[in-house]
Amino acid sequence: MTHGPFSCEGGCACGAVRYRVTSKPMIVHACHCLNCQRQTGSVHAINALIETDRVILLSGEIEEFLADTPSGRGQRIALCASCKVALWSNYLLNNLGEHLRFLRVGTLDDPSLTPPDVHIFTASRLPWHVLPDETPSVEAYYDLKATWSQDSLQRLKALRQRMGVRHK
Ligand SMILES: [Zn+2]
Ligand SMILES: [Zn+2]
């Protein structure tokens with residue numbers, strides 16, 4: 001992570017959409033599920049989880065696409081209206097879903113700023129894709145409290161309180 005205040009920008013392939021991220025993410029997932037493989041055409045998606053209001057659209061027009069998820073509830077994927085590159089998505093699990101954004105790390109100008117903290121759904125990992133030893137990986141999903149930093153758990157709690165989503 002960078003020192004001092006974190007701020008970075010990103011955008012789509014044609015350059016119409018530009019956005020700014022105003023803080024570091026809460027956690028970064030490398031997701032190996034088959035949906036992410038299909039959507040990215042690659043071995044996994046890299047999703048930075050961050051409060052929706054910390055991703056500011058600077059220019060361009062966003063188009064939305066509703067995609068399937070393993071939960072069956074779907075996710076809303078934001079694409080550049082011109083080049084159709086996916087920039088982020090919101091999972092429609094509950095009220096929180098609207099306010100928790102999954103930013104596609106590959107669309108940052110410097111994707112190396114936010115390396116994956118955890119590899120998830122590795123049960124469907126492509127067999128020839130070798131995972132790094134130093135990063136935790138799980139076959140499906142992980143235990144939130146054991147995986148997220150204290151700081152990020154506090155941010156999630158604050159987000160839930162702001163949105164009125166109750167803890168289970
Ligand atoms: Zn574009
Ligand atoms: Zn996935």
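All of the numbers you see were taken from the coordinates with simple rules; none came from a lab. Given the structure is predicted, the values throughout are model-derived calculations rather than measurements. No Cβ is skipped: glycine too gets one built from the backbone with ideal geometry, and neighbour counts run over all protein chains shown.
Taking a ≥ b ≥ c as the square roots of the Cα gyration tensor eigenvalues, with a/c under 1.5 meaning rounded and otherwise prolate when a/b beats b/c, else oblate, which class fits the chain? Before the final figure, lay out the partial values.
Numbers: a/c = 1.24, a/b = 1.07, b/c = 1.16.
It is rounded, given that a/c, with a ≥ b ≥ c, falls under 1.5.
Residues of region 49-70 falling in the label zone of Q154, defined by backbone nitrogen less than 17 Å from a point 7 Å along Cα to beta-carbon, are 51.
Excluding same-chain neighbours fewer than eight residues apart, the aspartates and glutamates reachable from K84 by a Cα-Cα span under 19 Å are E9, E61, E63, E64, D68, D109.
Annotation: cysteines of the chain without a disulfide-compatible partner (Cβ-Cβ under 4.7 angstrom) are C8, C33.
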